[in-house]
Amino acid sequence: MISEEEKQTEHPDFWENPKNATKVLTEIKTKKAWTNAFDELSISFDDLSLVFELYSIEESTEEELQSQIAETTRKVEELEFKNMLRNESDRFDAVLNINSGAGGVESQDWAEMLMRMYIRYAEAHNYNVTISNVLDGEGAGIKSATIQIEGEFAYGFLKSENGVHRLVRVSPFNAQGKRMTSFASVFVTPLIDDSIEVVIEQSRLSWDTFRSGGAGGQNVNKVESGVRLRYQYKDPYTGEEEEILIENTETRDQPKNKEKALRLLRSQLYDKELKHRMEEQMKLEAGKKKIEWGAQIRSYVFDDRRVKDHRTNYQTSDVNAVMNGEIDDFIKAYLMEYGGK
C-alpha cells in the first residue's frame with residue numbers, strides 16, 4: 001500500500017540510509033503516477049455516464065456528449081501509452097552518444113543535424129540538456145557528441161532512437177550537386193541514479209587528463225580539466241573484452257568531470273546488463289519480433305519529403321518538422337509496437 005510506504009518516510013531514521021530512502025521515494029512516486037492516472041480516468045468515466053444520462057433525457061447536447069467521449073478516450077489512450085513505459089530503466093534520464101559514419105563532411109554534418117534535432121525535442125518537452133563532450137568535424141559538422149537529457153521518462157521515450165539513422169539528400173558539400181547517402185549512429189543509455197547498484201572494478205579503470213577546448217569547453221591552454229576514462233570491460237556472460245572510452249569536458253572543474261564520467265560509465269555497464277536480459281528474454285519468446293539495437297532504424301529522404309521508420313513503417317512527409325524535433329509520433333509508434341514486450 002502506498003499509504004504504508006509513505007508512513008516509512010516519516011520515520012526519524014528514514015534518511016540514515018540515503019540510497020534506500022531515495023529508492024523508496026522513487027517507488028512511491030512511480031506508484032502514485034499510476035494511481036493518479038487511474039483516478040483521473042475513473043472520474044472521466046463517471047462524467048461520461050452523467051453526460052450520457054443527461055443527453056438521453058435531452059438535457060445535454062450531442063456536442064457535449066461527443067466532447068466528453070473524446071476526453072475519456074484520450075485518457076484511456078494516455079494510460080495505455082504509459083503502460084509501455086513500465087520497465088525499471090524507463091524512468092531514468094538519457095545519455096545520447098551520436099557518431100558520424102563513413103562519408104566525411106557530409107556524415108559529420110548529418111551527425112550535427114541529429115544532435116540539433118534531439119536538443120529541440122528535449123527543449124519542447126521541458127527536459128534539461130547538457131552537452132558533455134563534442135568532437136568537431138573537419139570543415140563542418142561533428143564527428144561525435146555526448147549529450148545528457150534529463151526529465152521524467154527521458155530514457156523510456158528516447159530508447160526508440162537507438163540505432164543507425166540514414167540521410168539521403170543532394171549534398172551542399174558536393175560540387176556536382178549529386179544525391180548522397182550518409183549515416184550516423186545514435187547510442188542511447190539510461191543515466192542511472194544511486195538507487196541502482198553497479199560494480200566497477202577499480203583495477204580495470206584508468207584516467208587521462210587534457211586541456212579541453214572547442215564546443216566541449218572554453219578554457220583551452222589554461223588547465224587540464226578535461227578527463228578521459230578508460231575501462232577494460234569483460235563481459236561476464238561471454239568472456240569477451242573491450243575498452244570503454246568516455247571523455248568529459250562539461251565543466252572547468254576536473255573532479256566534477258571525473259564524477260560525471262564515472263556516472264556515464266555506470267550507465268553504460270547497466271545498459272549492457274539490460275541488453276543481456278533483453279536477449280535472454282527474446283530467446284524465450286521466439287515468436288516475438290526481435291529488436292535490433294544496432295540496425296538501421298530510420299531513413300530521412302529530403303528530396304522525396306519522406307522520413308520513414310523501418311521497424312514500425314510509420315512515416316511522414318513533414319521533414320522540416322522532424323528535423324526541428326517533432327519526433328513524438330515515431331516514438332509513440334515504436335513504443336506501442338515494442339514497448340510492452
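The values are calculated or read from the model by the stated rules, or taken from the named source; none is laboratory data. Just so we're clear, the structure is a prediction, and the values are computed from it rather than from any experiment. So basically every Cβ, Gly included, is an ideal-geometry build from the backbone, and we count neighbours across all protein chains shown.
In summary, residue 255 fulfils each of the numbered conditions (1) at pLDDT 85 or above; (2) surrounded by 14 or more Cβ atoms within 10 Å (Cβ to Cβ); (3) closer than 30 Å to residue 227 by Cβ with the single exception of condition (2).
Name the residue that is farthest from residue 186 (Cα to Cα), counting only residues in segment 247-273 that are touching a Leu at 6+ places or on another chain (Cβ under 8 Å) and free of Cβ contacts under 8 Å to residues at least 60 places away in the same chain. Write out each step before concluding.
Taking segment 247-273 as the starting set, the residues that turn out to be touching a Leu at 6+ places or on another chain (Cβ under 8 Å) are 247-248, 258, 261-265, 267.
After this cut, where a residue has to be free of Cβ contacts under 8 Å to residues at least 60 places away in the same chain as well, the list is 258, 261.
Details: 258: 23, 261: 19 Å.
Only one residue fits best here, namely 258.
Within segment 94-139, the set of residues being modelled with pLDDT under 90 and of a type in the set (A, V, I, L, M, F, W, C) comprises just one member, 102. Among (1) β-branched (Val, Ile, Thr); (2) more than 13 Å from the chain's Cα centre (by Cα); (3) in a helix (DSSP H, G or I), which single condition is residue 130 missing? Here residue 130 meets the rest and fails (3).
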